1. Being more than 20 Å from the chain's Cα centre (by Cα) and within 16 Å of the ligand (Cβ to nearest atom) narrows it down to one of Q7, Q14, Q96, so name that one.
2. Give the residue, chosen from A225, A159, A175, that is in contact with a strand residue (DSSP E or B) (Cβ under 8 Å, 6 or more places away or on another chain), buried (at least 18 other Cβ atoms within 10 Å of the Cβ) and farther than 24 Å from A22 by Cβ.
3. So which residues in the stretch 94-120 are surrounded by fewer than 20 Cβ atoms within 10 Å (Cβ to Cβ) and in a loop (DSSP other than H, G, I, E, B)?
4. Answer yes or no: is there a residue in the stretch 192-214 that is at positive phi and touching a strand residue (DSSP E or B) at 6+ places or on another chain (Cβ under 9 Å).
5. Could you check L214 against (1) over 15 Å from S142 (Cβ atoms); (2) more than 16 Å from the ligand (Cβ to nearest atom) and say which number it fails?
6. Scanning the stretch 40-83 for residues that are within 13 Å of the ligand (Cβ to nearest atom) and part of a loop (DSSP other than H, G, I, E, B), which turns out surrounded by the most Cβ atoms within 10 Å (Cβ to Cβ)?
7. Tell me, please, whether a residue that is more than 16 Å from the ligand (Cβ to nearest atom) and within 20 Å of the chain's Cα centre (by Cα) can be found in the stretch 175-191.
8. Just checking, does the stretch 152-159 include any residue being away from the ligand (no atom under 16 Å from the Cβ) and either β-branched (V, I, T) or on the phi > 0 side of the Ramachandran plot (or both)?
Amino acid sequence: MSSLEQQVQAGLRQVNERISTAAQAVSRDQAAITLLAVSKTFGADAVLAAAHAGQRHFGENYVQEAVDKILALRALAATGEISAAGLIWHFIGPIQSNKTRQIAEHFDWVHSVDRPKLAHRLSEQRPPKLPALNLLLQVNISGEATKSGLPPEAVTALARSVIALPRVRLRGLMAIPEPETDPARQRAPLARMRALFDRLRSELGPDAADLDTLSMGMSADLEAAIAEGSTLVRVGTAIFGARAPKPLET
Ligand SMILES: *Cc1c(COP(=O)(O)O)cnc(C)c1O
């Protein structure tokens, strides 16, 4: 086994253990929590190493880098190098409207929808031969001026308009709270997200049937996020190691 494979497997093992311990601590079923391996800035070889260790969900932030990687992995799947059952790709970065077509054509999930126009374009541009694109609305839960994401009070209106679109499926909410190291301070915005998600589902009533996903928690706060009801944690550094500076594209 290469040293990259060893490092990625050890990272995945540690993160899965953290998820398991955090779930047990609050009597949650670990199976209800999905690990999204955030592979941005790492190569197709790192994704392949994780896939060999059983990881299925991958998250990417930069469109061109991601599409190159997705095509490389698909080519490997075609040769039988990895299971053709396939990897599930999540777009988690800020979206420029001129990139929606590539996102709609290559990804399975998008976590960072925060404007009606983006949802409309993704629905229009989703190829008819693919299943509906899974969408999450990104909420600016810490109220930071520079962050992307909707203000919490705008979530219900955007959710209703997304549910009416034909080629996308609204699955829930996503947030990137302001970084905090103190666990008690980490939990406050995560708890607000949980409350917002519960309120949205009750407001939507029967239209909320597909809303099963609360995407929150990263390398530094996944325990707090699981305690507050996260169903999907997005983890990069704790699996793949520290990232080099991001590429210039996007
Ligand atoms: C990079 C990134 C992550 C992963 O962050 P780590 O701290 O490396 O775990 C999670 N979510 C989003 C939206 C990201 O951009």
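Just so you know, all these numbers are worked out from the coordinates, no wet-lab data involved. Keep in mind that this is a model prediction, so the values were computed, not measured. In this analysis, Cβ positions are derived from the backbone assuming ideal geometry, glycine residues included, and neighbour counts consider all displayed protein chains.
1. Q7
2. Within the list A225, A159, A175, the selection yields A159.
3. Residues satisfying the conditions are P94, Q96, D108, R115.
4. No - not one qualifying residue is present in the stretch 192-214.
5. (2)
6. Only one residue tops the list, namely F42.
7. So far as the stretch 175-191 goes, yes, one or more of its residues are more than 16 Å from the ligand (Cβ to nearest atom) and within 20 Å of the chain's Cα centre (by Cα).
8. yes
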